[in-house]
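Here's the structure we're looking at; comments come further down.
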Amino acid sequence: MTRTDPAPGLAALRPRLPSPLQEAADGRFERRGVRLLLKRDDLIHPELVGNKWRKLAPNLAAARGRTVVTFGGAYSNHLRATAAAGRLLGLPTVGVVRGQELAGRPLNPSLARCAADGMRLHFAERSAYRRKAEPETLAGLLRAAGAEDALVVPEGGSNAAAVRGCRALGEELGGHADVAVLACGTGGTLAGLAAGLPPGRRAVGIPVLRGGFLAGDVRRLQEAAFGGPRGDWRLDERFHGGGYARTTPRIDAFAEDFEDRHGLALERVYVAKMLYGLLTLVEEDAFPRGTTVAAVITGRPFP
């Protein structure tokens, strides 16, 4: 099995791998001598979109029919993808949702989709949720959710198996682009992509959360996956728009303009911020003339 093949047991879902790489003619990039490519990971699978496929596939293969429990906020793309995977593969799934106060309220569209796909939702106190990486707290959360024997996939899906799964993304891009740019939440996709790039290529991550913690997380993920650092990567922390799922009028205006120019609907939490950051870097002459940049489209708008 090559690294671009789906994990065992998921081949029946017919993922589109490698994902398409499309040229995007854009005068703002061309004036700076930069060629823009779009890596369309949003087209890998209609329900397991983008980096969610790359991170979930190895974890789901390891489940071997066991219940899968994972974590996320009320609008988590990762929870929706895990729930969809469970329905498609016949795997029981449990989603531990941040915020006990949400338990008595009507489900928002994102959580309603999870429930419709068969995911059992368990709402956790925020204080316990923040400590879920601690073994005792995690054990308590699993007991409360009735999922003590489940396979645990971390929030965002980023663990060593996921990072190794994302290495294929770097391998797919290596012969086509000098620089790969992608949005980052938990850092797993960047950790794997950078490891898959050949020498002389580099990756730039655009975090969508505030905090300045992500560099350490990426290093720890690479240590867990590969035993040490891999690849040439860096982060630019300027484009989070105020925090997760927040935005600014400037980012919104950019996204609408990009959609008009290229006919591509932009997912706002991750992709729009990444592309806005990339254009800013280009206009700052961060890339030498003649550079080919691949922007990774990791998801699409939630209906």
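A simple spin-label model places the labels of D285 and F213 3.8 nm from each other, with each point 7 Å out along Cα-to-Cβ.
Solvent-accessible area assigned to carbon and sulfur over the range 141-292 amounts to 47 percent, based on a 1.4 Å probe. When only alpha carbons of the range 216-265 are considered, Rg and Dmax amount to 16.4, 44 Å.
The listed peptides 23-29, 160-166, 103-109, ordered by packing as a protection proxy, come out as 160-166, 23-29, 103-109 (highest mean of other Cβ atoms within 10 Å first). Model label sites at F302 and E259, defined 7 Å from Cα along the beta-carbon direction, differ in position by 1.6 nm. Summed over qualifying helices (DSSP H, 4 residues or more, each -39500 (n - 2.57)) and divided by its residue number, the chain shows a 222 nm mean residue ellipticity of -11500 deg cm²/dmol. Taking the Cα centre of the chain as origin and assigning +1 to Lys and Arg Cβ atoms and -1 to Asp and Glu Cβ atoms, the resulting dipole is close to 440 debye. For the range 98-153, the per residue solvent-accessible surface stands at 59 Å², with DNA, RNA and ligands left out and a 1.4 Å probe. A 1.4 Å probe run over the range 217-303, with the rest of the protein chains in place, finds 49 Å² accessible per residue.
Based on Cα contacts under 8 Å between residues 6+ apart, the chain shows a relative contact order of 21 percent.
Could you work out the percent of alpha carbon pairs in the range 135-238 separated by over 16 Å, rounded to a whole number? The proportion of pairs with Cα distances above 16 Å equals 58 percent. Accessible area ranking (1.4 Å probe, heavy atoms, ligands and nucleic acids excluded), largest first, for E101, E125: E125, E101. Protection proxy ranking for 130-143, 210-223, using the average of other Cβ atoms within 10 Å per residue and placing the highest first: 210-223, 130-143.
List the relative contact order of the range 144-290 as a percent without decimals, with contacts defined as Cα pairs under 8 Å and 6+ residues apart. Rounded, it is 21 percent for the range 144-290. The alpha carbon radius of gyration of the range 148-303, expressed as a multiple of 2.2 N^0.38 Å, is 1.04. Spin-label pair A115-R246: with each label point 7 Å from Cα along the Cα-Cβ axis, the two points sit 2.9 nm from one another.
Sort 54-66, 241-253 for me by packing, meaning the mean count of neighbouring Cβ atoms within 10 Å per residue, highest on top.
So the order, starting with the most tightly packed, is 54-66, 241-253.
The magnitude of the dipole of the range 223-303, with charges of +1 and -1 set on the Cβ of Lys/Arg and Asp/Glu and taken from the Cα centre, is near 180 debye.
The relative contact order of the range 122-209 comes to 26 percent, based on Cα pairs under 8 Å that sit 6 or more residues apart.
The values are calculated or read from the model by the stated rules, or taken from the named source; none is laboratory data. What you are looking at is a predicted structure, and each value in this text was computed from that prediction instead of being measured. Here the Cβ is made from the backbone with ideal geometry for all residues, glycine too, and neighbour counts use every protein chain on show. Surface accessibility is based on the protein's heavy atoms, side chains included, excluding ligands, DNA and RNA. Shrake-Rupley method; radii C 1.70, N 1.55, O 1.52, S 1.80 Å.
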